[in-house]
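Just below is one structure, and these are the notes that go with it.
Please treat every number below as a calculation from the coordinates, not as lab data. All of these numbers come straight from a predicted model, not from anything done at the bench. Using ideal geometry, Cβ is built from the backbone for each residue, glycine included, and neighbour counts are taken over all protein chains shown.
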């Protein structure tokens, strides 16, 4: 079945952050981090790109770079709520049948990875699509900051159904583990439903919003990609991002 015909990409962004306050505007090679993410999303070429801002300074940075941004309620509890408000603001008639939520702290994300998130939506039974990469570093398996996804995946397959997300190394036993990458492609009606659901018990326990969808019977499928982008959460991450983006892109 054909996938979405008219996607829109929305990047939620706010200045408040516990470990790295103000990180969307952190300088990377003379450019704010959020602008790097916006540029990668534009390069993906899947549809218009909007930054959903909780702060006017972020909106100004995107506008200065030539991008589109909307101001959203700073009190939103999650990025999904911010994305939902932005989608309703810029597309109240719901002409866009798919909303791709790209985290604003992934300045090294490859445009091809953003595009890959749309692939599982070729199946009409899928409500939400996302991406993951096989874990190759042993330390990541038990790192609670690395979210793992347990997949129903055919041998040699590159797409599978997400059965569970966890900060623990799931499933147990021999075999690959997969590092979940926080990009979500929502069918428009799935996003509408998701943001109206109350936080679920497993979501609160694992502190993983996507478990709300699974607990409420929504289907999430995963496309595998080759690499995990650097998520910037700490000053150490920021310095690493500066080094990576200073190097020529392949």
From Cα pairs below 8 angstrom and at least 6 apart in sequence, can you work out the relative contact order of the chain, rounded to a whole percent?
23
Where a label projected 7 Å from the Cα of residue 125 along Cα→Cβ would reach, residues of segment 148-184 with amide N under 20 Å
150-165
With equal scatterers on the alpha carbons only and no solvent term, can you work out the Debye log10 of I(q)/I(0) for segment 107-250 at 0.19, 0.21 1/Å?
-1.22, -1.40
Apply the Debye scattering formula to segment 7-246, with a single equal point scatterer on each alpha-carbon and no solvent, then give log10 I(q)/I(0) at q = 0.08, 0.14, 0.16 Å⁻¹.
-0.28, -0.90, -1.21
Expected 222 nm ellipticity per residue - DSSP helices of 4 or more, -39500 (n - 2.57), all of the chain, to 500
-8500 deg cm²/dmol
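Write down the percent of antiparallel bridges among all DSSP beta bridges whose residues are both part of the chain, to the nearest 5.
Values: 23 of 41 bridges.
Beta bridges within the chain, antiparallel portion: roughly 55 percent.
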Using alpha carbon centers only, segment 196-238 is separated from segment 67-81 by a whole-angstrom value of 18
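Give the percent of DSSP beta bridges with both residues in segment 1-113 that are antiparallel, rounded to the nearest 5.
On the way: 2 of 15 bridges.
Expressed as a percentage, antiparallel bridges in segment 1-113 total about 15.
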Packing-based ranking, highest mean first, of 218-224, 237-243 given that Cβ atoms within 10 Å are counted:
218-224, 237-243
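What does the highest-first list of 108-114, 88-94 look like by mean Cβ count within 10 Å? Could the numbers behind the result be given before it?
On the way: 108-114: 20.4, 88-94: 12.3.
Highest to lowest by the protection proxy: 108-114, 88-94.
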